[in-house]
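Some notes on the structure that comes next.
The values are calculated or read from the model by the stated rules, or taken from the named source; none is laboratory data. Please read all numbers here as calculations on a predicted model, not as lab measurements. Here the Cβ positions follow ideal geometry from the backbone for every residue, glycine too, while neighbour counts run over all protein chains shown. For accessibility, only protein heavy atoms count, side chains too; no ligands or nucleic acids. Shrake-Rupley method; radii C 1.70, N 1.55, O 1.52, S 1.80 Å.
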Amino acid sequence: MPTGSVQHFLHGSISSNDTLQALLHLLRGLCEDAARGSIPFLDQEISYTIQLATGNSSMSLRARRSLMYEGYPWLLTYYGHTDSADSSRLVAVRTCVQAGTSDELPKFLSCIGFKKDFELVSKGHVFKKGDMRVIISKFYNPVKDPTHPDGYQPLANEYLVEMSAVSPKFCEVLAREMHTFAEQLKPLVYFEKFIPESL
Amino acid sequence: MVVVMLISWESPEGMSPGHANEKLQKKIEILGGKILGKWDVDCEVYSSLNGIVGLSDTQTTQPANLGGATAPQQAIYVLHNSNYSLSTFAILEDNTVLIADSSFDQFMPHMKVFYKKGQRSDAKGNRYELNEFIIKTGVATFGGSQQKILLLEITYLLSDYVHESIGIIRELAKLLLDNSFPGIETPITVREDKKFSPSDLLLQYKALFSHVKKPSTVK
């Protein structure tokens, strides 16, 4: 029985606004739908964890929904452990399960034992290129701050740049395609195969 | 949307459930009902295992037919309905309904340390169209048990509100089931001032599957 897809991913970061503008410009040229450019987003994101009292097991889920468009569904995501078995792979790989849900999601998760870990607001741009997505996001405190030009107080000045692609199982061709694309975006952004367990 | 009521009924004395169901189908056809095809609803119950941090703090009640020596603190009823084939309905004991994409099913195996999968129950049968009604006949079976319950699901296509529809649905059910008609009430989960929604229907199935040992009108 399939229990999710495999997400291939690479992470990078940029810190200056000039670099951001140059990267947006470059991605507009390299990705699909150049006339329209990127897809902007402003999302509320909450991380939930369930755990056993023995401390042996825990599991986290991410819930996010758009703050730009009212009535859009919540998106529930589970990421498995990053697979570190094969270090020769060009990208990091993890199990990924996603489902759109109705508005009751926070109450539902709370009733079945999930506790809120943290909440933040993410704002940024999504680009598509074939099966790949490039997401550039900045993270904010979820409390509205009208004094700040973005409407929220930033948690950091850096932007996270995530390149990802999902397929039913690990795909070497897709990994190579992502690696090649990541090379094209240098030196604006340097992508890394981020494996949290190795820290 | 439409209004849908689920009625569980018992076969007359001396008649097997299969025979009683066939007789009902014949009657619908004689009245002019056209068969549209098959339907099915299935339900899997996941019960919480001991030791989930903070779960006892939440407002939970004991699920019905789960068995076992220790009563679980929470249960998740995961239901699918062939009418909404791309969706999964996850329902809790307190009738909180989460409607999700069908990929929600893939979360459950990852939660097996916290929630144990119970037995699967299902209901299936034939679907008919009769003027402004869709009628489903069928049998519900409960995993691990020989028990079978006869079902009649009536959809009234001309209204969105239960209080406007329950009278005409009751009349049709009476006509179809004769002496086997058990009576129907507005389910307690349905709010009369709100439009009927798919959740209201799946809550009726959840009530059916969680009261396996007491076949009666879904209230």
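What number of residues in the stretch A:140-165 are open to solvent by 20 Å² or more (accessible area, probe 1.4 Å), over 16 Å from A:ASN17 (Cβ atoms) and among the hydrophobic types (A, V, I, L, M, F, W, C)?
2
Okay, residues lined up against (1) at pLDDT below 95; (2) over 30 Å from B:SER48 (Cβ atoms); (3) within 14 Å of chain B (Cβ to nearest Cβ); (4) part of a strand (DSSP E or B):
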position	(1), (2), (3), (4)
A:ALA99	no, no, yes, yes
A:LYS138	no, yes, no, yes
A:VAL143	yes, yes, no, yes
A:PRO146	yes, yes, no, no
A:ASP150	yes, yes, no, no
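For the stretch B:119-133, name all the residues that are open to solvent by 30 Å² or more (accessible area, probe 1.4 Å), away from chain A (no Cβ under 14 Å) and over 12 Å from the mean Cα position of the chain (by Cα).
Hits for the stretch B:119-133 are B:GLN119, B:ARG127, B:GLU129, B:ASN131, B:GLU132.
So A:MET132 ticks every box in (1) over 13 Å from A:TYR48 (Cβ atoms); (2) open to solvent by 10 Å² or more (accessible area, probe 1.4 Å) but one. Which box is left unticked?
The failed condition is (2).
Can you confirm whether the stretch A:15-35 contains a residue that is in a strand (DSSP E or B) and either closer than 25 Å to A:LEU120 by Cα or in contact (Cβ under 8 Å) with a residue 12 or more places away in the chain (or both)?
The answer is no; no qualifying residue exists.
Name, by its number, the condition in (1) open to solvent by 10 Å² or more (accessible area, probe 1.4 Å); (2) within 11 Å of chain A (Cβ to nearest Cβ); (3) modelled with pLDDT of 95 or more that does not hold for B:VAL113.
For B:VAL113, the exception is condition (3).
Per-residue answers, yes or no, for (1) within 18 Å of B:GLU22 (Cβ to Cβ); (2) out of contact with any strand residue (DSSP E or B) (no Cβ under 9 Å at 6 or more places or on another chain):
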| position | (1), (2) |
| --- | --- |
| B:ILE135 | yes, no |
| B:GLY144 | no, no |
| B:TYR156 | no, no |
| B:TYR161 | no, no |
| B:ASN179 | yes, yes |
| B:PRO182 | no, no |
| B:PHE196 | no, no |
| B:LEU201 | no, no |
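If you check B:GLU185, B:GLU192, which single one turns out to be touching a His at 6+ places or on another chain (Cβ under 9 Å), more than 14 Å from every other protein chain (Cβ to nearest Cβ) and open to solvent by 50 Å² or more (accessible area, probe 1.4 Å)?
Going through B:GLU185, B:GLU192 in turn, the sole match is B:GLU192.
Going by the structure shown, is B:VAL139 of a type in the set (Val, Ile, Thr), touching a Gly at 6+ places or on another chain (Cβ under 8 Å) and open to solvent by less than 50 Å² (accessible area, probe 1.4 Å)?
So B:VAL139 fits the description; yes.
Scan the stretch B:1-41 for residues that are of a type outside the set (A, V, I, L, M, F, W, C), open to solvent by 20 Å² or more (accessible area, probe 1.4 Å) and part of a strand (DSSP E or B) and report the count.
Adding up the residues that qualify gives 4.
Identify the single condition in (1) within 14 Å of another protein chain (Cβ to nearest Cβ); (2) part of a loop (DSSP other than H, G, I, E, B) that B:MET108 does not satisfy, given that it satisfies every other one.
All conditions pass for B:MET108, except number (2).
With the structure loaded, tell me whether A:SER122 is among the small types (Gly, Ala, Ser), in a strand (DSSP E or B), surrounded by fewer than 17 Cβ atoms within 10 Å (Cβ to Cβ) and within 21 Å of the chain's Cα centre (by Cα) or whether it fails that test.
So A:SER122 does not fit the description; no.
Being modelled with pLDDT of 90 or more and either open to solvent by less than 30 Å² (accessible area, probe 1.4 Å) or in contact with a Phe, Trp or Tyr (Cβ under 6 Å, 6 or more places away or on another chain) (or both) is the filter here, so list the residues in the stretch A:37-51 that pass it.
If the condition is that a residue be modelled with pLDDT of 90 or more and either open to solvent by less than 30 Å² (accessible area, probe 1.4 Å) or in contact with a Phe, Trp or Tyr (Cβ under 6 Å, 6 or more places away or on another chain) (or both), then A:PHE41, A:ASP43, A:GLN44, A:GLU45, A:ILE46, A:SER47, A:TYR48, A:THR49, A:ILE50 are the ones that fit.
May I ask you to say which residue of A:ARG62, A:ARG94 is among the charged types (D, E, K, R), assigned to a strand (DSSP E or B) and free of Cβ contacts under 8 Å to residues at least 24 places away in the same chain?
A:ARG62
How many residues does the stretch A:73-93 hold that are within 14 Å of chain B (Cβ to nearest Cβ) and buried (at least 20 other Cβ atoms within 10 Å of the Cβ)?
Total satisfying the criteria: 3.
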